[in-house]
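Novice: First the structure, which I've put down as structure tokens, then a few questions once you've had a look.
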Amino acid sequence: DFYIPIVNKSLFNKENIDATFGNDRAFKDQAYSELVAYYWLWKNFYSEKYIGICHYRKYFKDKITEKNVSKIMKDCAAIVSLTNFHKTVRQQYQDCHNIKDLEEIHDIIKDIYGEKDAKNFDNIMDGDKFLKCNMIITTSDIFNKYCEVLFTILDEFDKRNNLTDADSYINHVKNNYANYIKKNTPNS
């Protein structure tokens, strides 16, 4: 009962909240994916207790319920879906995406937040722990700070790459991910 479905307009029905409604980043859905919903939550929702987001049909189920989330959160700042890779996050990213984008994100972090945060970013990228599906439960304050940093970085990436409308995003995805799409699309 404490889950509220948020979807993109392509999946919209009257039982769900449309994360694209009034969302000036909705046209970036092909690149932003579930971050469109993050942005909508950040701008439109505040909870006195906790805020969280799951991913499509993946939930924090069985272990986390409306009744026990407060008890669990007494001992931590956030609940996430942590997964280990058999390779580094950087290697996984390079296998699935354009590594130049990740390198540019590093440069943006360094330019905006400094060398220390850029090194922290590198430590995460060179590690084998990955936050699967962008799933989190935390306080609204932590969620809001996370979104502030995240969207500051993404906005700067967009500026540097002139990604200002839906066509520029679609072209960026096609131009930078064509090899991944070709490699991972079945022949049939």
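Novice: Being in contact (Cβ under 8 Å) with a residue 12 or more places away in the chain and either part of a strand (DSSP E or B) or more than 21 Å from the chain's Cα centre (by Cα) (or both) is the filter here; which residues of segment 66-83 pass it?
Specialist: So the first thing to find is which residues in segment 66-83 are in contact (Cβ under 8 Å) with a residue 12 or more places away in the chain, and the list is 66, 69-70, 73, 77-83.
Glu66, Val69, Ser70, Met73, Ala78, Ile79, Val80, Ser81, Leu82, Thr83 - these are the residues of segment 66-83 that are in contact (Cβ under 8 Å) with a residue 12 or more places away in the chain and either part of a strand (DSSP E or B) or more than 21 Å from the chain's Cα centre (by Cα) (or both).
Novice: Taking Ile124, is it closer than 30 Å to Lys159 by Cβ and open to solvent by less than 90 Å² (accessible area, probe 1.4 Å)?
Specialist: no
Novice: OK, next. From the list Glu148, Glu115, Glu104, which one is closer than 25 Å to Met73 by Cα and out of contact with any strand residue (DSSP E or B) (no Cβ under 8 Å at 6 or more places or on another chain)? Give the derivation first.
Specialist: Working: Glu115 fails: closer than 25 Å to Met73 by Cα; Glu104 fails: closer than 25 Å to Met73 by Cα.
From the options Glu148, Glu115, Glu104, the qualifying one is Glu148.
Novice: Something else: If you take the residues in segment 127-146 that are assigned to a strand (DSSP E or B) and either surrounded by 15 or more Cβ atoms within 10 Å (Cβ to Cβ) or modelled with pLDDT of 90 or more (or both), which one is nearest to the chain's Cα centre (by Cα)?
Specialist: First pass over segment 127-146, keeping only residues assigned to a strand (DSSP E or B): 129-139.
Then keep just the ones that are either surrounded by 15 or more Cβ atoms within 10 Å (Cβ to Cβ) or modelled with pLDDT of 90 or more (or both); that gives 130, 133-139.
Values: Phe130: 12, Cys133: 8, Asn134: 5, Met135: 8, Ile136: 10, Ile137: 13, Thr138: 15, Thr139: 17 Å.
Among residues in segment 127-146 that are assigned to a strand (DSSP E or B) and either surrounded by 15 or more Cβ atoms within 10 Å (Cβ to Cβ) or modelled with pLDDT of 90 or more (or both), the one nearest to the chain's Cα centre (by Cα) is Asn134.
Novice: With the structure loaded, tell me whether Tyr38 is under 17 Å from Ile136 (Cβ atoms), open to solvent by 90 Å² or more (accessible area, probe 1.4 Å) and not basic (Lys, Arg) or whether it fails that test.
Specialist: no
Novice: Next question. Quick check on segment 52-67. Is at least one of its residues polar (S, T, N, Q) and open to solvent by less than 30 Å² (accessible area, probe 1.4 Å)?
Specialist: No: segment 52-67 contains no residue that is polar (S, T, N, Q) and open to solvent by less than 30 Å² (accessible area, probe 1.4 Å).
The values are calculated or read from the model by the stated rules, or taken from the named source; none is laboratory data. Small disclaimer: the values here were computed from a predicted structure and weren't measured. Cβ coordinates were reconstructed from backbone atoms using ideal geometry, including for glycine residues, and neighbour counts include every protein chain displayed. We work out accessible area using only protein heavy atoms, side chains counted, and drop any ligands, DNA or RNA first. Shrake-Rupley method; radii C 1.70, N 1.55, O 1.52, S 1.80 Å.
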